Structure formats: structure tokens, C-alpha cells
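Visitor: Please read through the structure below; I'll follow up with questions.
The values are calculated or read from the model by the stated rules, or taken from the named source; none is laboratory data. Remember, predicted model here, so these are calculated numbers, not experimental data. So basically every Cβ, Gly included, is an ideal-geometry build from the backbone, and we count neighbours across all protein chains shown. Note: accessible area is taken over every heavy atom of the protein model, side chains too, but ligands, DNA and RNA are not part of it. Shrake-Rupley method; radii C 1.70, N 1.55, O 1.52, S 1.80 Å.
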Amino acid sequence: MPEKYLCFSLEGSLFAVPVGYVQEIASAPDSIVPIPNTPEHIRGITKFRSQALMVIDLKKRLDVCSTEECKNMIIINKGHNVGVLVDKVVGMI
């Protein structure tokens, strides 16, 4: 059986991540605490389900010009949890 992917958008462009890496889809957090001396795409840490979660701004990581704040977060679990900010979760293929 072919692998399934979760599709999401950033500023109108579509991207995908293998579903096996996705733990959860959530709203973007209201509060993110910055981490000093980290790359610009690492937005900081937030509390999610009573755990500290590093949050990555994928627009900054991919150098995509941003016109609005991301509204969703995909929780990726590949050995450790990371929240990835995205504009919209589109569906699965």
C-alpha cells in the first residue's frame, strides 16, 4: 500500500509530510516563549499537553514571504516532538 501524506499550505503553496510522522494537528499556540541565540526559524517553546514543545516557523525556514500569521500547527514526532506552524491543513493524499 502506498504511503499517505498530510498536505498543508504556506502562502498558497502546497507541501506534504508523511502521515507516519504526524502525531497531531492543533491550532497555533497563543503563547510561544523565544529561545535566545537560536536560528530565526525556531520561534521558541510552548506548553502543549503538559509538555514543552519546540515550535518551528516553516515560512522562515523555507524563506517564504509571509503575509499573515500561521493558524495551525502540525505536531511531528520523529524521535522527539516538534510543532511546525502552517497556514492551513488541506487533507491527505
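Visitor: When a/c is below 1.5 the answer is rounded, else prolate if a/b is larger than b/c, else oblate, so apply that to the stretch 25-67 with a ≥ b ≥ c taken from the square roots of the Cα gyration tensor eigenvalues.
Guide: The shape class here is oblate.
Visitor: Quick check for me: using +1 on Lys/Arg Cβ and -1 on Asp/Glu Cβ, what's the dipole size of the stretch 13-93 about its Cα centre, in debye to the nearest 20?
Guide: 200 debye
Visitor: Right, next: Using DSSP to define loop residues, name the GluC sites (Glu not before Pro) in the stretch 1-46 whose beta-carbon has at most 15 other beta-carbon atoms within 10 Å.
Guide: Passing both the DSSP loop test and the Cβ count: E3, E11, E40.
Visitor: Give me the distance in nm between label points sitting 7 Å out from Cα along the Cα-to-Cβ direction at L62 and H41, one decimal.
Guide: Placing both labels 7 Å beyond Cα along the Cβ direction yields 1.0 nm.
Visitor: For K59, which lysines qualify as cross-link partners when the Cα separation must be under 18 Å and same-chain residues fewer than eight apart are set aside?
Guide: K59 reaches K71, K88.
Visitor: Towards the positive end of the charge dipole of the stretch 2-75, with charges on Cβ (+1 Lys, Arg; -1 Asp, Glu), say which of I56, F8, Q23 has the farthest Cα.
Guide: Farthest towards the positive end: Q23.
Visitor: So how far apart, in nm, are the two label points at K71 and S31 if each is 7 Å from Cα heading toward Cβ?
Guide: Distance between label points: 2.4 nm.
Visitor: Only bridges with both residues in the chain count here: give the DSSP antiparallel percent, nearest 5.
Guide: Of those bridges, close to 90 percent are antiparallel.
Visitor: For the chain, what is the accessible area per residue in Å², given a 1.4 Å probe and the full set of protein chains?
Guide: For the chain, the solvent-accessible area averages 66 Å² per residue.
Visitor: So, one more: Sort R61, R49, R43 by accessible area with a 1.4 Å probe, largest first.
Guide: R49, R61, R43
Visitor: Would you tally the net charge around I93, using a Cβ to Cβ cut-off of less than 14 Å, leaving I93 out, and scoring K and R as +1, D and E as -1?
Guide: 0
Visitor: Here's something else I'd like to know. Just want to confirm a number: the relative contact order over the chain, from Cα pairs under 8 angstrom separated by 6+ residues, in percent.
Guide: After rounding, I find 35 percent.
Visitor: I want to make sure I understand the PRE zone here: with the label point 7 angstrom from the Cα of K78 toward its beta carbon, which residues in the stretch 53-71 have backbone N atoms less than 17 Å away?
Guide: Correct set: 54-63.
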